[in-house]
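These notes concern the structure reproduced below.
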Amino acid sequence: MPRPPLRPLPSDALRPDETQALLDTKADSLSGDDAEAVSQQWIPADAVNASEFRVQRTSAQAQRPNTQVKTVALAGLLCLAGVGTLNLARMHFPLPQAHTNTSHLQAQAVTDFYGSPATGGTVADPSPTKHMQKVLFIGNSFSYVHGGVWSQYKAIVEACVPGMKVQAEHNTVGCRTLAMAAGDSAAKMLRAQSYDILVLQDQSDLMDYGGGIRSIKGFFAPEANKRGATVGFYQTWAKPGWGNFTADTIARTHAYERFARVAETAGAKTVMARVGEAFLAVLSTCGGDTEDPSFTQLYDEDLEHPSKLGLNLAAWVMAFAFNSKQMPVGGCDTAKVPSMQGQSYTQKQQFATIACELAGACSMSAENHQQKEPLCKWAAVMQGNWLQGRTRMLAHCDQKFGDARPADCFVTEQWHVDGTLVTATVEGKATQHNLRVRDYGSFCSVKLVPGLIYARRVEDNKIVFNNCQVWRRAAGGITHPPSDECECMTPTTWKDQDGDNCQAYAPGGRKHTDAACDSGLGGIVSRTQSLQAWQACPGCGRCTAATPIGDSTTVV
């Protein structure tokens with residue numbers, strides 16, 4: 001059923017990523033008093049945020065160099081090397097034919113950090129007055145981090161469903177695919193006894209999607225059917241900052257839907273725990289901003305594995321998906337469910353509501369419909385139609401210093417802003433974007449997502465973003481704005497990762513090369529993006545310097 005918009009959760013006013021981005025980009029558009037207000041209001045007071053803020057200021061790529069990120073990145077590379085690759089955008093899967101002893105090396109990098117519980121279980125109260133539900137979880141680190149999703153699933157179900165007791169067992173190995181699980185100790189465990197629910201979670205990037213299909217059709221579905229077990233699929237999600245989060249998560253939902261169809265064709269009963277869709281539901285309350293702390297708190301610091309809160313959301317979705325018919329009318333009394341450390345009651349209610357809706361067990365009440373708030377000044381001025389000149393990303397259009405490009409290298413993008421909805425149209429093809437707007441009184445923060453760039457200055461007829469790109473108002477006879485027009489951000493103060501400023505990239509400078517202009521990074525555009533040298537330094541010659549428009553009024 002269609003999902004009404006959810007109310008966003010309350011979140012802290014301090015945004016370390018916005019702090020530096022705005023301090024770096026808004027000095028020329030704020031009055032002295034406002035600039036001081038920004039610096040005083042936005043610099044974090046608590047130690048954790050202050051630490052993050054310092055790292056963002058000093059890191060050339062605005063990323064924290066922690067052991068966990070390196071460990072999991074290594075694990076991902078090892079998985080790619082040993083298992084295969086996946087093009088989620090096109091759902092094309094290059095697949096190996098079999099897996100025998102390939103899991104050990106790939107799994108080690110993940111298990112070294114998180115550990116691997118491999119097998120185990122929780123003992124339920126054997127009282128004859130209780131209904132016993134036996135569940136076997138088969139998966140990898142997305143299942144077993146932070147004590148395992150089964151622990152939170154057990155706690156939620158036993159608190160929500162009267163008389164229900166859960167005996168949860170698990171067989172989980174880092175980086176493991178379903179194809180691997182069909183031939184290792186997980187298969188032996190499944191054959192050894194009967195379960196009510198068999199929960200299957202494939203490798204998070206679906207690196208052996210075809211192997212997963214074969215293992216479900218040839219082993220898991222027949223075994224579950226033989227023992228009367230329902231197959232519960234644990235749908236996963238994409239990684240923010242690695243391409244289009246929404247599209248990649250939707251691709252995973254389609255893949256898991258096919259898993260379910262294959263299992264049903266093989267005679268098994270199935271149920272889908274739509275966790276990836278739950279992550280998207282939380283993202284919708286953050287204006288689609290994958291850098292918003294209300295969304296990133298669902299992840300560990302690697303921005304891949306679920307945090308304790310993310311795992312809690314997964315457990316809520318499973319609890320409702322697997323037990324929707326046993327839940328009390330109107331859903332679960334969330335007050336009976338223990339909260340996670342640091343979890344507010346409002347957040348727990350939000351997770352339960354999302355889970356209940358996704359399971360089809362309840363509908364959104366009228367009070368949860370989001371009220372449309374008035375736009376702040378900048379966002380109000382941004383309404384309407386805009387144009388941006390672009391150079392096509394084609395080989396013969398690759399501009400070298402001083403070279404002219406053919407006419408077919410240029411294209412005009414049309415941008416239409418309606419409230420916070422943004423539509424970009426290029427040669428008849430439309431894509432959807434959003435404005436994430438926050439009004440702080442003395443200034444207005446407007447972020448274009450999923451591009452994750454901030455409006456640096458807004459005028460009646462021109463918008464300048466903090467990655468230097470410029471939009472022109474589609475009015476007054478303007479039909480073809482200058483191609484790659486940019487208004488570079490503080491070229492006199494910008495410094496790259498080596499401490500060099502734009503003078504090094506000017507003609508005659510030692511970094512006046514295409515390669516250097518492409519690789520130079522410095523400053524912060526957003527939490528996950530830095531400003532490249534070609535964007536910051538006019539000497540790279542990659543863009544047309546922005547020119548003033550008559551009768552333009554800057555809105556502050």
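Every number here is computed from the coordinates shown, using simple stated rules; none is lab data. Keep in mind the model is a prediction, meaning the values are calculated, not measured. All Cβ positions, glycine included, derive from the backbone under ideal geometry; neighbour counts span all protein chains shown.
Over the residues of the range 195-351, compute the C-alpha Rg and express it relative to 2.2 N^0.38 Å.
After normalising by residue count via 2.2 N^0.38 Å, the value is 1.09.
Give me a comma-separated list of calculated 3J(HN,Hα) values for the range 152-161, in order, Karplus coefficients 6.51, -1.76, 1.60 applied at θ = phi - 60°, integers in Hz, x for any Gly or Pro.
Coupling constants for the range 152-161: 6, 4, 4, 5, 5, 5, 5, 7, 8, 9 Hz.
Return the Rg/Rh value of the range 377-555, two decimal places, where both radii are evaluated on C-alpha atoms and Rh is the Kirkwood radius.
Ratio of gyration radius to Kirkwood radius: 0.96.
Going by C-beta contacts inside 10 Å, put C543, C376 in order with the fewest on the left.
So the residues, fewest neighbours to most, are C376, C543.
Treat the count of other C-beta atoms within 10 Å as a stand-in for reagent exposure and order S530, S483, S185 from fewest to most.
Listing S530, S483, S185 from fewest to most nearby Cβ atoms yields S185, S483, S530.
Magnitude of the Cβ-charge dipole of the range 377-555, K/R +1 and D/E -1, about the Cα centre, nearest 20 debye?
So the dipole magnitude of the range 377-555 works out to roughly 340 debye.
Hey, how much of the P(r) for the range 199-280 falls beyond 15 Å, as a percent of Cα pairs?
Distances greater than 15 Å cover 53 percent of the Cα pairs.
Could you sort 309-316, 427-434 so that the peptide with the highest average Cβ count within 10 Å comes first and the rest follow in order?
309-316, 427-434
Are there chymotrypsin sites (Phe, Trp or Tyr not before Pro) in the range 412-451 that DSSP marks as loop and that have at most 14 other Cβ atoms within 10 Å, and which are they?
Passing sites in the range 412-451 do not exist.
In what order do E291, E169 fall by count of nearby beta-carbon atoms within 10 Å, going from fewest to most?
E169, E291
Hand me the trypsin sites (Lys or Arg not before Pro) from the range 262-346 located in a DSSP loop with no more than 11 other Cβ atoms within 10 Å, in residue order please.
K325
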